[in-house]
Amino acid sequence: MWAPGRRQLTAGLIMAVTLVAFEALAVATILPVISHQLGDLRLYGWVFSAFLLSSVLGVVAGGALSDKRGIGLPVIGGLVVFAAGLTVAGFASDMPILVAGRIVQGFGAGLVPAAVYVAIGRAYPSSARPRMLALLSTAWVIPGLVGPAVAAQVATNFGWRWVFLGLLPLVAAAGIVTVPGLATVPPPSGEDLPPSPILPAVMASAGAGLILAGFSLANPIPTALLLGAGLVVLVPALQRLTPEGTLRARRGLPATLLVRGLLTFAYFAGEAYLPLTLTSVRHTSTTFAGLTLTVATMTWTAGAWLQARVVERTGPRVLIRGGLVLVVLALAGTASVLWARIPLWVAPLTWGLGGFGIGTAYSPTTLTALGLSTPGREGAATSGVQLMDLLGTAFGTGIAGAAVAAVHQRHGDPRLGLGIAFALAASVGVVGVLVTPRIPSEISPVAPR
């Protein structure tokens, strides 16, 4: 990873991931503060979901551009668009404008990781890829250690807007560090490629948005109409964007992609509403909620390094199954904090277990996809991974948010809605465990070009 020919590239990729990590942990920490000031709890989940749905477009566009023109354009363009979204969010006067800013952010944030995974597939030997993915997970350590606490302090002392605007210098720094290393990544193969998948990506994002909008409504008739329309739009788009049989969990790469989506649904549905649980139900400080997320970030990194050391011996299936089981147990344990008799220290303990679980399971899905990809088509394979990743997270945060908002509006007590959200997340995690026997037991290495 640190050979002279890859040193600059490795440093640049780490910087890009660090930027995304700061943003993700900061927003999750301060969103209860933003929601209290701007109001409109109905859009709480959309702050996450809008970002993720637009990231779907960015991921597919980034993969297609990487296969056709190399990774320079998606990386540079992604950073510029991401900065524009930070600016809109930082000056938002209400929740709809904040959501709009998150849409812009999401597209830029989707372009960058798609190109990062392509760079790993093209520029690093198969033996180095597990360590490189673990290193990228480690790039969350510093943001995980200081990001939530810093975000909480900035929001308290200067206002939450500076959590967004203060990231703009980091975007510039990421560009300065990353761009020179891109020249070391081999160019696309130049082979004829299938038509651009941008239209199916738009359909997938629109279909998912219709489904989430349906869950957000209280009237059953419009809900049913939006859910039906969303499925009609989303399912054909997914069939074009993912390998055949993904929605049926066909053995091999399709099942791996489906499990990736189920994993992110379960984990991030819990993470998104953990700060709200701690601050609104248990009345802790934003700083304590941020520290709980920090613990999970650290254990995620530990899990990522563990899988890097053992994945070639155990294969991906064992690690993914074990990680999902830990996430399910963590969701059940964290939900118990909704009751006042449960001590608060249970939250960082159980959610730390969840972080270790997803850290163990997350990278093996990417390694499997890279191992099964065709040289020159790494962008298509990794965009499929990212697509299911983002859709899983969007549906997890969005559907859980709809449950929280609906129950709160009807009963006024957020505990029941939050309990439903944690139960839903755990149920999806169990489905993921049941699908894992269809994941490949070994990783197929592909030599770098």
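The values are calculated or read from the model by the stated rules, or taken from the named source; none is laboratory data. None of these values were measured; they are calculated from a predicted model. Because the Cβ atoms are built from the backbone with ideal geometry, glycine has one as well, and the counts that use them run over all protein chains shown. Heavy atoms of the whole protein, side chains included, go into the accessibility calculation; ligands, DNA and RNA do not. Shrake-Rupley method; radii C 1.70, N 1.55, O 1.52, S 1.80 Å.
Filter the stretch 334-365 down to the residues that are among the hydrophobic types (A, V, I, L, M, F, W, C) and outside any helix (DSSP H, G or I) and list them by number. Within the stretch 334-365, W339, A340, I342, L344, W345 qualify. Looking only at the stretch 409-429, which residues are in contact (Cβ under 8 Å) with a residue 24 or more places away in the chain and open to solvent by less than 70 Å² (accessible area, probe 1.4 Å)? P414, L418, G419, A421, F422, A423, L424, A425, A426, V428, G429, listed by residue number. Within the stretch 23-57, the set of residues being open to solvent by less than 40 Å² (accessible area, probe 1.4 Å), part of a helix (DSSP H, G or I) and of a type outside the set (A, V, I, L, M, F, W, C) comprises E23, T29, P32, S35, Y44, G45, S49, S54, S55. Which ones in the stretch 76-90 are open to solvent by 10 Å² or more (accessible area, probe 1.4 Å) and at pLDDT below 90? Within the stretch 76-90, I76, G77, L79 qualify. Summed over the stretch 237-287, the residues that are open to solvent by 10 Å² or more (accessible area, probe 1.4 Å), closer than 13 Å to L387 by Cβ and not in a helix (DSSP H, G or I) give a count of 3. Going through (1) of a type outside the set (D, E, K, R); (2) out of contact with any Gly (no Cβ under 7 Å at 6 or more places or on another chain); (3) over 30 Å from I30 (Cβ atoms) one by one, G63 falls short only on (2). Of all residues assigned to the stretch 96-105, at least one qualifies as being part of a helix (DSSP H, G or I) and free of Cβ contacts under 8 Å to residues at least 12 places away in the same chain.
The single condition among (1) part of a helix (DSSP H, G or I); (2) closer than 25 Å to A426 by Cα that A308 does not satisfy is (2). Within the stretch 293-304, not a single residue is farther than 24 Å from P143 by Cα and not basic (K, R). Number of residues in the stretch 147-166 that are surrounded by 22 or more Cβ atoms within 10 Å (Cβ to Cβ) and under 15 Å from G90 (Cα atoms) equals 5. Here I198 meets the list (1) modelled with pLDDT of 85 or more; (2) among the aliphatic types (A, V, I, L, M); (3) within 25 Å of L52 (Cβ to Cβ) almost entirely, failing just condition (1).
For S93, work out the one condition from (1) open to solvent by 50 Å² or more (accessible area, probe 1.4 Å); (2) in a helix (DSSP H, G or I); (3) free of Cβ contacts under 8 Å to residues at least 60 places away in the same chain it doesn't fulfil. Condition not satisfied by S93: (2). Just to check your reading of the model, which residue among T334, T314 is β-branched (V, I, T) and either open to solvent by less than 30 Å² (accessible area, probe 1.4 Å) or under 22 Å from the mean Cα position of the chain (by Cα) (or both)? From the options T334, T314, the qualifying one is T334. Against the numbered list (1) surrounded by fewer than 24 Cβ atoms within 10 Å (Cβ to Cβ); (2) in contact with a Leu (Cβ under 7 Å, 6 or more places away or on another chain); (3) of a type outside the set (S, T, Y), V60 comes up short only at (1).
For first residues located in the stretch 73-85 and farther than 16 Å from V17 by Cα, partners that are among the aliphatic types (A, V, I, L, M) and lie 6+ apart or on another chain with Cβ distances below 6 Å form the pairs L73/L65; A84/V104; G85/V104.
Can A28 be described as closer than 22 Å to G392 by Cα and at pLDDT below 85? For A28, the condition - closer than 22 Å to G392 by Cα and at pLDDT below 85 - is met. Confirm whether T18 is modelled with pLDDT of 75 or more, open to solvent by 10 Å² or more (accessible area, probe 1.4 Å) and either assigned to a helix (DSSP H, G or I) or under 15 Å from G108 (Cβ atoms) (or both). It is true that T18 is modelled with pLDDT of 75 or more, open to solvent by 10 Å² or more (accessible area, probe 1.4 Å) and either assigned to a helix (DSSP H, G or I) or under 15 Å from G108 (Cβ atoms) (or both).
Filtering the stretch 98-146 down to residues that are of a type in the set (S, T, Y) and more than 21 Å from A296 (Cα to Cα), which residue is most open to solvent (accessible area, probe 1.4 Å)? It comes out as S127.
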